[in-house]
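The values are calculated or read from the model by the stated rules, or taken from the named source; none is laboratory data. Being a predicted model, the structure only gives us computed values, none of them experimental. No Cβ is skipped: glycine too gets one built from the backbone with ideal geometry, and neighbour counts run over all protein chains shown. For the accessible areas, the whole protein counts, side chains as well, though only heavy atoms, and no ligand, DNA or RNA atoms are used. Shrake-Rupley method; radii C 1.70, N 1.55, O 1.52, S 1.80 Å.
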Amino acid sequence: MDFTLTEEQQAAAEAARAAFADVAPDGGVPSPAVGVEPVSDDIDRELWQRLAKSDLPGIALGEQYGGSGLDPVAWCLVLRESARVLARVPLLETGAAALAVQRFGSEEQRRRLLPEVAAGRLLLGVAPHGSSGHEPADLAVRAEPALGDDGRPDGWTLHGSQTAVPYAQVVERVLVPARCDAGTLLLLVDPHAPGVELRRQVSARGELMAEMVFDGARVRPPAQLGAPSLSGDAWRYVRGLLIVGTAALCLGLGEQILRITADYTSGREQFGHPVATFQAVAVQAADRYIDLKAMEATLWQAAWRIGLDDPELPDRLPLAADLATAKVWSAEGVRTIASTAQHLHGGIGADLDYPLHRYHAWAKYLELFLGPAPAYEEEIGAILAEHAL
């Protein structure tokens, strides 16, 4: 299986590496990107504008909309680099919502919204979790048809709630899946509109989130992406993007954690030798390196397929199988890597002046984002039972 990156994809990764270079942790000393205080009421605006100058927010958007015209693989390469420095920017959420606009929005919506995203002027969020974190997101909010002053249909009225919406307080629009009689639809909701209440939450990684409570919130037709669908294909596409994007974050995070651990164990000595030369340490590090390679292979497989015009290839299992596989490996992999790193660091891993504790918090958040690995293992089992080879 050939996962060689194209020249354009390699250029995207290099541009991302350059944009994040001066916020990377250096020698285990906390930088502003890592920080000791984990809670912030905003994103890193200066970094976001730097990313925009490098054309990274629109890396996977069409050139006609101000983007770079690349694919989800290039987007994942940027996300991978962002995780290495714990970047406080909504690349995952804005990217997934923007790709949904590009795929399901009208031409007017695409030309109005996507150039603003590519230029870094429009921040988008996604409501991915449902009302409890365990309920499917597309069942948490009910959309009822609304009538205009002339008695004709004029958008929707929303009731329900979505929990743990990342950066809801600071983005301009949140992509919300909602259920109506005709099926599932996608709506770009103003989080500060009448009828929407934001209840402050903080994630396990210390980032700002909110529970979005809808009590008669009115959404006009220009905010609707496409028509309602009984199959829910549009929301499945967005959720798939979130899965591969999260897998990319897990990969970058895991790689950086292993690098921090290698540097530490190479410098720490016991009995006159670096502890990295001890067999028990080397074997554990090698096992985690193998985990990273499995995370990488399953990520690129899923990202490649979701970027195809028709990802349901006739000679392969459904796309959902590749997505679930990438999610299992990324969740289990980043958890195991973070746990091993803490073990090999000893007590210093819990020191708040040392960056590993922040990486561990991010690892736990990403492990459970969109659900834990066992839920996806069950999904893989169901797919294999339905498509017996």
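For region 310-337, enumerate the residues that are farther than 24 Å from residue 13 by Cβ and not in a helix (DSSP H, G or I).
Selection gives 310, 312, 313, 314, 315, 316, 317, 318.
Six or more apart or on different chains, Cβ atoms under 9 Å: show the pairs whose first residue is in region 214-228 and in a loop (DSSP other than H, G, I, E, B) and whose second is of a type in the set (A, V, I, L, M).
Close Cβ pairs satisfying both conditions: 220/146.
I need a count of the residues in region 191-209 that are within 20 Å of residue 143 (Cα to Cα) and crowded, with 17+ Cβ neighbours inside 10 Å. Spell out the reasoning first.
Step one: of region 191-209, the residues within 20 Å of residue 143 (Cα to Cα) are 191-198.
When the remaining residues are screened for being crowded, with 17+ Cβ neighbours inside 10 Å, the result is 191, 196.
Qualifying residue count, region 191-209: 2.
Which residue out of 171, 176, 101 is in a loop (DSSP other than H, G, I, E, B) and among the β-branched types (Val, Ile, Thr)? Working first, answer last.
Numbers: 176 fails: in a loop (DSSP other than H, G, I, E, B); 101 fails: in a loop (DSSP other than H, G, I, E, B).
That would be 171, the only listed residue that is in a loop (DSSP other than H, G, I, E, B) and among the β-branched types (Val, Ile, Thr).
Does residue 344 fit the bill of being touching a Leu at 6+ places or on another chain (Cβ under 6 Å) and at pLDDT 85 or above?
Answer is no for this residue.
A quick yes/no check of all residues on (1) among the charged types (D, E, K, R); (2) surrounded by 18 or more Cβ atoms within 10 Å (Cβ to Cβ); (3) modelled with pLDDT under 90:
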residue: 302; (1), (2), (3): no, yes, no
residue: 322; (1), (2), (3): yes, yes, no
residue: 331; (1), (2), (3): no, yes, no
residue: 335; (1), (2), (3): yes, yes, no
residue: 338; (1), (2), (3): no, yes, no
residue: 353; (1), (2), (3): yes, no, yes
residue: 362; (1), (2), (3): no, yes, no
residue: 369; (1), (2), (3): no, yes, no
residue: 382; (1), (2), (3): no, no, no
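For region 111-167, give me every one of the strands (runs of 3 or more DSSP E) that falls completely inside it and has 2 or more residues that are touching a residue at least 24 places away in the same chain (Cβ under 8 Å) and among the charged types (D, E, K, R).
141-147
In region 364-379, which residues are under 18 Å from residue 202 (Cβ atoms) and not charged (D, E, K, R)? Lay out the reasoning, then the answer.
First, pick out the residues of region 364-379 that are under 18 Å from residue 202 (Cβ atoms): 364-369.
Passing the criteria: 365, 366, 368, 369.
Could you run through region 256-300 and say how many residues are of a type in the set (A, V, I, L, M, F, W, C), open to solvent by 40 Å² or more (accessible area, probe 1.4 Å), in a helix (DSSP H, G or I) and more than 30 Å from residue 9 (Cβ to Cβ)?
3
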